[in-house]
Amino acid sequence: MACTEMYEMENSSDKLREETENDNKIRLWGKQWFKTVLFTLAMSLLSAVFLLTVIHFATGVQLQQQFDSQGTKLAVLLTQIKCNTKLLSKENISCEDGWELYKKHCYKFVEETETREKAQEKYSEECACLVKIEDADENSFIYSAGGLPDTRVIGKLHEVYWTSGIRIKKNNWLWTADGKLVTYDNFNSIEPNNINGIENCISMSNDGTWNDYRCNGTLYYICEKQA
């Protein structure tokens, strides 16, 4: 074989090796680039999933709070509709035995200790709610209507009766009896103090003043309904 042919064959072999090495480098770079892109996409997807999960949880909590609030308002409204329907058929203003009359309203002083929630449930079927106190005259009536200590609990312990008042903000209160804001109050001079941040319900004390009290406590209670 001539020297020229040998040289050309060696030169061609070198070029082929060089091309093969370049091809291998390109394939390796391509694989590394693909892995990098794939990893970046995976991390982006995980971040998006995490963000959506956080948004879903936060939205779910907010929706649940709104649902609970609307559910409470709806329950109050349905009770009012049912009770007002019964009132249309009544002619005489009077109260049943065990209830006391004041300005077209009947009041019952219940000497059984219950949590506020249980107290409200017990008399809802009688169209009665926990008491709503609208002015000083009504407050005086409720205090004096307690009667003698042996027949009513006024004069015994400090926190005595549940009312329908609940805290909705720091110093804002609502009557759940009708969903209206509390515009008159008779809180004791050192109340409301919201001890431990859990005193969110209004109770009447043995001197006729009010106190903020923990809603899961157990007290006697006053029910009110239209005569």
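Coordinate-derived values only; no laboratory data. These figures come from a predicted structure and were not determined experimentally. Note: ideal-geometry Cβ built from the backbone for every residue, glycine included; neighbour counts use all protein chains shown.
What to note about this one:
- Most to least packed among 204-210, 181-187 [average Cβ atoms within 10 Å]: 204-210, 181-187
- Length released on extending from I168 to K180, taking residue separation times 0.36 nm less the Cα-Cα span: 3.2 nm
- Environment charge at K122 (Cβ cut-off 15 Å; Lys +1, Arg +1, Asp -1, Glu -1): -4
- Database remark: amide H of E199 closer than 5 angstrom to no amide H (H placed geometrically; neighbours at sequence offset of 5 or more, or on other chains; Pro and chain starts carry no H).
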